[in-house]
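Working notes, beginning with the structure itself.
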Amino acid sequence: MSIFKACDIRGIYGKELDELQAFEIGRAFGTFIDGKNTVVGGDARISTPLLKEKVIEGLLLSGCDVIDIGTVPTPAFYFAKNYFNVYGGIMVTASHNLSEYNGFKIAFGDLPVTEEDIKRIEIIIKNKDFKQGKGKLIYKPVLDKYEDYIQSFFTSVNNSLKVVIDGGNGIAGPTAVNLFRRLNYKIETLFCEPDGTFPNREPNPAVEKNLEHLKRKVVEVNANFGVAFDGDGDRVAFVDENGKVIPSEKIIIIFAKYLFKKYGPGKIIYDYKCSTIVEKEIRKLGGEAVREKSGHAFIKRSFLQQNAVMAGEISGHYFFRELGGDDGIFSALLMGEIINTFEKKLSELADEIPDYYITPDIRIVYPYDKEKLFEMVKKEFSEYSIDTLDGVRVIFPNGWGLIRLSVTEPVITMRFEGNTPEDLIKIKDLFKEKIPTLKELL
């Protein structure tokens, strides 16, 4: 499978991605942005230092002056791009993927990359049509400035508020610990020492089985809530005081309620895979919910272009107008502020939102022709309303079912929602009945 994805570039290190490719990606990106200044950061994965060195080498040979900001969370990388006022940026990370993966998040100008931008970089590499130049490299650490910046949005809380921070051995742990301490929280930590092999859990906090340690720890130490970060710190998951994971849809609504009280109602951009509860609750609050194609770049572009109050994905990305982007650490601190301000438990905030009946994000390797699968779904469910914004979404009177391609992994993702638990079962069973190749996989 190609390392050139819809929103970034990533693959298995040593198998799909190596140092030569990193060098050529640097050369191609430097060519693509015509040798403009670029900031480069990296996460804590074992393969990151070598890949980062090579991508910088490629940028320099394409005429870019490069600012190396070292090992940082991805939100600090975005901060650095704005702080140093540079045009381009490359973050070496595979985000929430397993340890054997690595990749490159690229940024230039004011808006996220498009699929067409990624394709153009791929074509430059294929044609070896590189710009020649001789850039300069300087090293400028930025984490202290990033921490000061994030802290500036918050005030200290009541020092009885306790949080468990699960860093997942990614790069966000130490920074999150520093900021929560600076804001007067009592903290307990899990796996906050960066280790690119991710020895204690997989780096994706959107998968509940990866949060078992956190769920137990929150209850054990009688914490007010728990947070878990992914490998590079732009995703976060939340656990309430009872050790229960709060679904992302409810987190979006909790954030929206608070921000609407603070700034007034506005637009909320939400992930195509989210429950319809998001739209219903945002409308009740006087806001407008706008559904967008799943994927970081798609959500962020819509969020910026529509000047939304915030945006959210079920993956745990939360975007805020204050930042102009997403940040898992900011999200975690904002949740603490909400709990402190309202003097309510996280479980109480979540219980104010009606229950809904939806499957988790079902991710499976589909060994057959994926385009034929999509065509089969459209044909078999032609009597119902079909939405093809992102994959194929079948809309029933009592719920919906969605099948789409992941933008970060070689899998298909599925999600089903029903108005009642019985409706949910019926919709899922209907897909298995009408699409035989799914029966063995669901």
Can you send over the carbon and sulfur percentage of the accessible area for the chain, probe radius 1.4 Å, protein chains only?
-> 49
Among 72, 60, 112, the residue whose Cα sits farthest towards the positive end of the charge dipole of the stretch 1-148 (+1 at Cβ of Lys and Arg, -1 at Cβ of Asp and Glu, taken about the Cα centre) is 60
Measuring from its Cα centre, the stretch 149-229 shows a charge dipole (+1 at each Lys and Arg Cβ, -1 at each Asp and Glu Cβ) which, in debye to the nearest 20, is 280
If you take the charge dipole of the chain about its Cα centre, with +1 on Lys and Arg Cβ and -1 on Asp and Glu Cβ, which of 214, 269, 160 is farthest toward its positive end?
-> 269
The stretch 404-417 - phi-based ³J(HN,Hα) in whole Hz, Karplus 6.51/-1.76/1.60, Gly and Pro as x = 8, 8, 5, 8, 10, 9, x, 9, 9, 10, 10, 8, 9, 9
Might you report the magnitude of the Cβ-based charge dipole of the chain about its Cα centre, with Lys and Arg at +1 and Asp and Glu at -1, to the nearest 20 debye?
-> 500
For the chain, calculated [θ]222 nm from helices alone, where every DSSP H run of n ≥ 4 adds -39500 (n - 2.57) | -11000 deg cm²/dmol
Residues whose placed amide H lies under 5 Å from that of residue 101, excluding near-sequence neighbours = 13
Grab the other residues whose beta carbon is less than 15 angstrom from that of residue 57, score K and R as +1, D and E as -1, and report the net.
-> 0
Accessible area expressed per residue, the chain, with surrounding protein chains retained (probe 1.4 Å, Å²) | 40
Near the amide H of residue 190, under 5 Å away, which other amide H atoms are found, from residues 5 or more places off or on another chain, if H is placed in the peptide plane?
-> 165, 166, 167
Violations at 28 Å Cα threshold for listed pairs 119/428; 119/432; 257/293; 5/145; 119/372 -> 119/428; 119/432; 5/145
List the GluC sites (Glu not before Pro) within the stretch 384-442 that fall in a DSSP loop (any state other than H, G, I, E or B) and whose Cβ has at most 16 other Cβ atoms within 10 Å.
-> 440
Specify the longest stretch of the chain that does not include any exposed loop site, a site being one of the trypsin sites (Lys or Arg not before Pro) with a non-H, G, I, E, B DSSP assignment and at most 11 other Cβ atoms within 10 Å.
-> 137-442
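The values are calculated or read from the model by the stated rules, or taken from the named source; none is laboratory data. Since this is a predicted model, take the numbers as computed values, not measurements. Quick reminder, even Gly has a Cβ in these numbers, built from the backbone with ideal geometry, and neighbours come from all protein chains shown. SASA here: full protein model, heavy atoms, side chains in, ligands and nucleic acids out. Shrake-Rupley method; radii C 1.70, N 1.55, O 1.52, S 1.80 Å.
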